[in-house]
Each structure stands twice: as structure tokens, then as C-alpha cells.
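Participant: Before anything else, here's the structure in question.
The values are calculated or read from the model by the stated rules, or taken from the named source; none is laboratory data. Just so it is clear, the structure is predicted and the values come from calculations on it, not from any experiment. Methodologically, a virtual Cβ is constructed for each residue, glycine included, from the backbone with ideal geometry; neighbour enumeration extends over all protein chains shown. These accessible areas exclude ligands, DNA and RNA; they are computed on the full protein's heavy atoms, side chains included. Shrake-Rupley method; radii C 1.70, N 1.55, O 1.52, S 1.80 Å.
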Amino acid sequence: MSKDAEDRALEAEREVGRINAFFPILPRLGNRWAASRPWEGKTIALNLHLTSLTAALVRELQLGGGTFIVSGASPATTHVGTVEMLRNEGIEVYTGRERDDGFASVLDHKPDLIVDVGFQLVNALLDRRPERAKATLGAIEITRSGITRLRKRTEPLPFPVLNINDGRLKNAVENRHGVGEALWQAVARLTGMHLSGRRVAVLGYGPVGKGLAMYARAAGMSVEVVEPDPVRRLFAHYDGFVSPDLDEALSRAGVVVTATGRPGVLSVDHLAKARSGVVLVNAGHGGNEIDVSSIQAAAERVDHIGEQVVRYRLENGPRVTVLGGGHPLNIVTNAGSPEPVLLHFAVLGLALESLATGDFPAGEVIVPDAIEAEAAAFALHALNPTAT
Ligand SMILES: NC(=O)c1ccc[n+]([C@@H]2O[C@H](COP(=O)([O-])OP(=O)(O)OC[C@H]3O[C@@H](n4cnc5c(N)ncnc54)[C@H](O)[C@@H]3O)[C@@H](O)[C@H]2O)c1
């Protein structure tokens, strides 16, 4: 191993240690798996983003026996240190060309169980190794995009696929608290603004918008919500937020954040009414909620005034600053606490345990309440040993 790879593996090791020190949910699960060995004798393929959080998960899963094969879900989220750290622990890791080759190398290991992010590995199994698919015990899908791909398949699935994206915990903890906390942390860090006293318009009042509004208020911001759905506007009202229309909110806001899941909700045409100096931020996954190209096209001057901070002077209009190029800012800047993801991984581990030992019908199965309740109990214990 090169010196550089060795250094990065050590860095990943240290990162995993730090993550576990303050929220030891995964090591506690690891203790249980070391005792019960739920996947003894089985082969498990994990197609995941290879970050230090994933390394923390794989390290504990391994204690439950079995053989783990890992592939990187995307080159953009594959960290060299994580790959080296896993390889040092004797785990086979596929990245780059081997991974892109239809996941053939991963499937050559004949996995009994699969954990997937984006349903690419499961799709490869179903399309290219239908015989092997019949012998597969089950799979887990983590993401909304993966579930969308799963539901596009026309033929019945030969094994159960546990959908852990649509459980109760992800919406309530990761979408609401995870994004709410992380996004404002990123805004403060990139701009140096103290958030207290700033006026913000939150576009969209789903779980993500609700978290953004709540954390903005906690930071001392004055919050308005723009939401077309009257039911959600009523929720915003009872949560204590006024909900004007977009033009009115823009006439006051110093910061606008989008969380709608819809493209082009904020384009240059809307900004005619905006205050000069307004800061635009997106939290939605698409990265296209703010129509940055329309702003760029109408700009008479563009200044890159910091990392991920671009200021546009619009012709006959306001000055507008876009953070993170309109991509989801918490993700682009890797901001926020790792706890929501670790909790999600705890659900994943417990779902894998159930899949290895339990009896689920073939097809999509929403993660059962009992698994989430157990993950929540582990989380409470990791947060405060006296809480359970
Ligand atoms: N950044 C992250 O880490 C992260 C994490 C989870 C989800 N997301 C993404 O955040 C987005 C929102 O997620 P959610 O679960 O709250 O979605 P949701 O669909 O429950 O809520 C979106 C809300 O936006 C409203 N809306 C639609 N068009 C609008 C418009 N033009 N102006 C104002 N409001 C409008 C809808 O009525 C709805 O209430 C999605 O794209 C989701 O994928 C991001």
C-alpha cells in the first residue's frame, strides 16, 4: 500500500473512532451481532456510498459472521481512505471499472443477501443472473430513487426487498432534523453570516421544509413559509409561521431556501420582486429547484466571492447570491451531524438481521414498525444509557 493510501486509511480509522465515540449506536449493535452471528455462512453484497460512515457500519456488520463484498455506489462518493480501511480488514471492495461492469464481479460471489443504494445491484442481479436471483434470500433498498426503480419493474420480484426509505424514522429524523440542522450550519459557514435576525422564506413545508423552518427559528431567524398545499399551510400556521405568497415573501426575505422536490420553483422571473442581496439556497435533491441557468443568463456581472458562493448582478434587478450552485447545500458541503445517517444504518443492520433469519413475502416490504422501534431503542441507549 502506498504511503498516501496508508495515511488515508488511518484517517478513516480515526474518523470512525470519533463517530462512534459520541453516538455509539453501531458498536452496540455490533456487540449483539458478535453474540448472535445472524449471517454466519452467508454472503452479503453491499452496494453503498463508501464514506467513513459506511466503514463504521461494515466494521460492525462483519462481527455477525458471513462474508461481506462491498462495491462503491458512485465514484463521486468513494473515499480512498474508506476503501483502504475496508481492504485492510480483509473485505473485498470493488470500485471503478470492475463495479461498472454490470456489477459482474460482485455477483460472481453469489450473494445470499444484498443491500443496495439506488437499486442498481439488484437490477443487475435480476436482469443478468435470473437463476441466481431465485436463490437470493432478500435485499434491502435505502433510497427514494432506488424504490422508484424497484416500482418500475414489471415482473414480480422473486425475493423480498425491504424498503427502509419509507419507514417512519427517516422522514422524522433524517429529513427533518438532519437537513434542518445541517443546512443552516453550511449557510453560516460559507457566508460568515450570523443567522439571528435574518429574514428567511422557506419554500415547501414537507418534512424537509418543516425542519428548515424549525431550525431557522431556533437560530433566531424570522421565518415565513411559502406552500401551495392548504393543508400544509395550515400546519405551518399552527406551528407559528406566516405563509404569504411567493412575491410577498420575496419582497422581505434576506435568505430563500427551496425544499419542494420540484424543478424551477425559483427562476429569474420571480426575482424581480426580491430584495437586493438576497441569498438563495436549495435543500431539495434534484439540484434544479433554483433555476441557476436563468439567473446566470440574466446577469450582467458574476462574482465568485467564495467557495460555493456566487454573486450575480441582474440587469435592472437585484444582486442575488447562490450557494452551492443550487445543489442540496448540506450534501455539497457534507455539513451536519452524522447521527441521522447512523440511525438509518442501524435500521439497515436490523433489517438485514430480520431478512437473514426471518420470513418475508417476495416483493417490496416496507420496513416493519418492530425493526424501527428496536433501532429507536438502540438510539436512545446510545444517546443516554439511562434512557431505556
Ligand atoms: N438535502 C437533503 O439531504 C435531503 C434529505 C431528504 C430529502 N431531500 C429532498 O428535499 C425535498 C423535499 O422533501 P420533502 O420530504 O419535504 O418533500 P414533500 O414532497 O413532502 O414536500 C414538498 C412540499 O413542497 C410543496 N411545493 C410544491 N411546489 C411548490 C412551490 N412551487 N413553492 C413552494 N412549495 C411547493 C409541496 O406542496 C409539498 O408540501 C425533496 O426533493 C427530497 O428529495 C433532501
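Participant: Placing +1 at every Lys and Arg Cβ and -1 at every Asp and Glu Cβ, with all other atoms neutral, what dipole size does the chain have around its Cα centre, in debye to the nearest 20?
Facilitator: The dipole magnitude comes to about 560 debye.
Participant: Which of these, Arg153, Arg313, Arg129, has the largest mean-square fluctuation under a Gaussian network model of the chain (Cα springs below 10 Å)?
Facilitator: Arg153
Participant: Next question. Rounded to a whole number, what % of the accessible area of segment 139-264 do carbon and sulfur atoms account for, probe 1.4 Å?
Facilitator: The C+S portion of the solvent-accessible surface of segment 139-264 is 54 percent.
Participant: So what's the angle, to the nearest 10 degrees on a 0 to 90 scale, between helix 52-61 and the longest Cα principal axis of the chain?
Facilitator: Orientation of helix 52-61: about 30 degrees from the principal axis.
Participant: Within the chain, how many lysine pairs that are 8 or more places apart, or on different chains, have C-alpha atoms less than 25 Å apart?
Facilitator: 8
Participant: Continuing with this model, one more query. Bin all alpha-carbon pair distances of the chain at 20 Å intervals from 0 and give each bin's fraction as a whole percent.
Facilitator: Calculated P(r), rounded to whole percents: 26, 52, 22, 0.
Participant: How charged is the neighbourhood of Ala356? Take every other residue with its Cβ under 13 Å from the Cβ of Ala356, and add Lys/Arg as +1 and Asp/Glu as -1.
Facilitator: Net charge in that neighbourhood comes out at -2.
Participant: Take the Cα of Arg153, step 7 Å along the line toward its Cβ, and report every residue of segment 338-361 whose backbone nitrogen sits under 14 Å from that point.
Facilitator: Taking a point 7 Å out along Cα→Cβ of Arg153, the residues of segment 338-361 whose backbone N falls under 14 Å are 361.
Participant: Top to bottom by accessible area (1.4 Å), largest first, where do Tyr215, Tyr238, Tyr94 land?
Facilitator: Tyr238, Tyr215, Tyr94
Participant: What FRET efficiency comes out for the pair Arg252/Glu364, r = Cβ-Cβ distance, R0 = 41 Å, nearest 0.05?
Facilitator: Using R0 = 41 Å, I get an efficiency of 0.40.
Participant: How big is the gap, in Å, between the Cα center of segment 218-256 and the Cα center of segment 314-388?
Facilitator: Their Cα centres are 26 Å away from one another.
Participant: Heavy-atom accessible area of Thr357 with all protein chains present, probe 1.4 Å, nearest 10 Å²?
Facilitator: Approximately 100 Å² for this residue.
Participant: Let me ask something additional. Compute the separation of the alpha-carbon centres of segment 75-94 and segment 149-188 and state it in Å as a whole number.
Facilitator: Distance between centres, Cα-based: 24 Å.
Participant: Does segment 17-111 come out rounded, prolate or oblate by the C-alpha gyration tensor, with a ≥ b ≥ c the root eigenvalues, rounded set by a/c under 1.5 and, if not, prolate when a/b is larger than b/c and oblate if not?
Facilitator: oblate
Participant: Once the whole set of protein chains is in place, how much accessible area is left on His381, using a 1.4 Å probe, in Å² to the nearest 10?
Facilitator: 60
Participant: Of all DSSP beta bridges located in the chain, what percent are antiparallel, nearest 5?
Facilitator: Around 20 percent of the beta bridges assigned by DSSP in the chain are antiparallel ones.
Participant: How large is the charge dipole for segment 173-332, taken about the Cα centre, if only the Cβ atoms of Lys, Arg (+1) and Asp, Glu (-1) carry charge, to the nearest 20 debye?
Facilitator: Dipole about the Cα centre, nearest 20: 360 debye.
Participant: I would also like to ask the following. When all protein chains stay in place, what accessible area (Å², nearest 10, 1.4 Å probe) is found for Ser145?
Facilitator: The accessible area of Ser145 comes to roughly 60 Å².
Participant: Something else about it: Return one whole number: the accessible area per residue of the chain in Å², for a 1.4 Å probe.
Facilitator: Spelled out: the 1.4 Å probe surface of the chain, per residue, equals 44 Å².
Participant: Would you be so kind as to identify which of Val309, Ala9, Gly336 lies farthest towards the positive end of the dipole of the chain, taking Lys and Arg as +1 and Asp and Glu as -1 on Cβ and the Cα centre as origin?
Facilitator: Val309
Participant: Moving on. Nearest 500 deg cm²/dmol is fine: what mean residue ellipticity at 222 nm does the chain get from its DSSP H runs of n ≥ 4 alone, each adding -39,500 (n - 2.57), divided by its residue count?
Facilitator: Here the helix-only value at 222 nm equals -13000 deg cm²/dmol.
Participant: Follow-up. If you take the charge dipole of the chain about its Cα centre, with +1 on Lys and Arg Cβ and -1 on Asp and Glu Cβ, which of Tyr238, Leu212, Leu57 is farthest toward its positive end?
Facilitator: Towards the positive end, the residue furthest out is Tyr238.
Participant: For Lys134, Lys42, give the ranking by accessible area with the largest first, probe 1.4 Å.
Facilitator: From most exposed to least exposed: Lys134, Lys42.
Participant: First check a/c for segment 170-291, with a ≥ b ≥ c the square roots of the eigenvalues of its C-alpha gyration tensor; if it is under 1.5, answer rounded, and if not, answer prolate when a/b is larger than b/c or oblate otherwise.
Facilitator: Because its axes are fairly even, with a/c under 1.5, segment 170-291 counts as rounded.
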